[in-house]
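First up is the structure itself, then whatever we jot down about it.
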Amino acid sequence: MIIIPARAQSQRFPKKVLADIGGLPMVIRTAKQVEALDAVVIATDSYEIASVCQQHGFEVVLTSASHKSGTDRINEAAIILKLNDDEPVINVQADEPFIEPSIVEAVINRLKLAKENQESNTLMVSCYNSINSESADDPNLVKVVLDAHHNAIYFSRSKIPFSRDGITSYFGHIGIYGFTKKSLEKFCTLDDAPIEDVEKLEQLRAIYHGFKIAMVKVSSTGFGIDTPEDLERAKAIFLK
C-alpha cells in the first residue's frame, strides 16, 4: 500500500499540498503518478485536504494533528487501516508531483528482497540519485553518504562528503520510504534522535539507533516542491 502523508500547516510553505499544478492540487498530482502501482491512501490532519482528495476519488484517513513527522502520520493510518504486519507500506511525500513510478517500484522491489533475505536489521528502504556539485549546495536537497553495501551512513542538508581536493561524487536523497507494517511501527517507537532534531530529517532516527536504511540508486529528473520558487518552476513545466 502507498500512503501519502499530507499535512496542512507546513512551516515553510503552508497548504502547499493544495497548490494548483497544471489544473490539479499538488497532492492529487502526486497520487496520480503512483496509483497504478498499488492502492493509494492519503493520510491527513486536514478536513480541507481530505475533502479535496475524496472529490478526486482517493481514499483518505484522518489522523492526529500532533504528529512530528510524516512517518508517524502514516503509521497511525496503517493502524487505522488494520494492515497485516508483513504488508509493504510505501511513504510517498505529497510534494513530489513529478515522482516517476519506476522509482517507487524500485523501492518496493528492494523491500521485497530485504524480506526474502531476512535482513532483520534493515528497518526501511529508500533511494537516491547522482547530483552535481551545484545541486549539492542546496540545503533543501538532502544529501546521503553510503557504505559498501548501499546502506545509508548519514543524511544531511549540508554538502557531504566534504572534498578537500574539490573532486567527489554527490548523492541526493529522494524522499520515498519503504517499510513493512511491523518495521514502520518499530521506527515510530524509537526515541527521537538528537541529530534528527538538528537536521530536521526523521530518517536519521533509524541510523542513530543502529538500524540500517537500505538505499537503491535510481535515475530521476523529478524534484520535490519545497519553496514557492519550486512551485513556479513546476507550473511552468506543466504549461509547456
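Return the calculated 222 nm mean residue ellipticity for the chain, to the nearest 500 deg cm²/dmol, obtained by summing -39500 (n - 2.57) across DSSP H runs with n ≥ 4 and dividing by the residue count.
Working: 9 runs with 81 residues, N = 240.
After summing the helix terms and dividing by residue count, I get -9500 deg cm²/dmol.
For His56 and Arg164, what does the FRET efficiency come to when R0 = 45 Å and r is the distance between their Cβ atoms, rounded to the nearest 0.05?
Numbers: r = 51 Å, r/R0 = 1.13.
Efficiency, rounded to the nearest 0.05: 0.35.
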>> Taking the Cα centre as origin and putting +1 on Lys and Arg beta-carbons and -1 on Asp and Glu beta-carbons, what dipole magnitude results for the chain, to the nearest 20 debye?
In response: 160 debye
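Would you mind calculating the relative contact order of the range 2-239 from Cα pairs under 8 angstrom and at least 6 residues apart, reporting the percent as a whole number? Walk me through the numbers before you get to the answer.
Working: 443 pairs, mean separation 54.7, N = 238.
Here the relative contact order equals 23 percent.
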> Could you give the nm distance between label points at Lys217 and Ser102, where each point is 7 Å from its Cα heading toward the beta carbon?
Replying inline: 1.5 nm
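Among the listed pairs Lys68/Lys212; Lys159/Lys235; Lys82/Lys159; Lys15/Lys115; Lys32/Lys115, give every one whose C-alpha distance is greater than 30 Å.
On the way: Lys68/Lys212 22 Å; Lys159/Lys235 28 Å; Lys82/Lys159 40 Å; Lys15/Lys115 37 Å; Lys32/Lys115 28 Å.
The pairs that break the limit, which is 30 Å between Cα atoms, are Lys82/Lys159; Lys15/Lys115.
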>> Can you tell me the length gained on complete extension of the stretch Gln9 to Gln118, counting 0.36 nm per residue apart and subtracting the Cα distance?
In response: 35.4 nm
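Under the 0.36 nm per residue contour assumption, what length would be gained going from the current alpha-carbon distance of Glu35 and Ile153 to full extension?
Details: separation 118, 0.36 × 118 = 42.48 nm, distance 3.14 nm.
Going from the current span to full extension adds 39.3 nm.
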> What is the distance, in nm, between label points placed 7 Å from the Cα along the Cα-to-Cβ direction at Ile79 and at Asp137?
Replying inline: 4.5 nm
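The numbers here are math on the coordinates, done by the rules we state, and not lab data. Here the structure is a predicted model, which means the values were calculated and not measured. Using ideal geometry, Cβ is built from the backbone for each residue, glycine included, and neighbour counts are taken over all protein chains shown.
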